[in-house]
Amino acid sequence: MTELWEYPVEIEGAAGGLKCIRNSREAVASLTIDFPKGGSEAGKARKICLRAVSGVVAGDSAAAAYRVAARSAGILRE
């Protein structure tokens, strides 16, 4: 299940420009493409987002974890 997040997260994408991440499925793809390799927060966020895609955890939890990972990676647009 992939529910839309109440508050989308904007990041600076790897290819340049802004990306708006709206759900856990988009977040999983973004964590693979846009984030530097080896970030511990990104790894945690990926696990949580995958669990949200499977319906095991709430989308809000995935959004929060993704936001923390993006801030940690220095790509969060605030």
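We did not get these values from a lab; they are worked out from the coordinates using the rules stated. Since the model is a prediction, treat every value here as computed from it, not as a measurement. All Cβ positions, even for glycine, are placed from backbone atoms using ideal geometry, and neighbour counts span all protein chains on display.
Answer yes if at least one residue in the stretch 45-52 is within 15 Å of TRP5 (Cα to Cα), charged (D, E, K, R) and surrounded by fewer than 19 Cβ atoms within 10 Å (Cβ to Cβ), and no otherwise. Yes. Whenever a residue of the stretch 57-78 is in contact (Cβ under 8 Å) with a residue 60 or more places away in the chain and surrounded by fewer than 18 Cβ atoms within 10 Å (Cβ to Cβ), its partners that are assigned to a helix (DSSP H, G or I) and basic (Lys, Arg), lying with C-beta atoms within less than 9 angstrom and at least six residues away or across chains, give the pairs LEU76/ARG67. Residue count for the stretch 21-42 satisfying the condition of being surrounded by fewer than 14 Cβ atoms within 10 Å (Cβ to Cβ) and more than 13 Å from ILE75 (Cβ to Cβ): 5.
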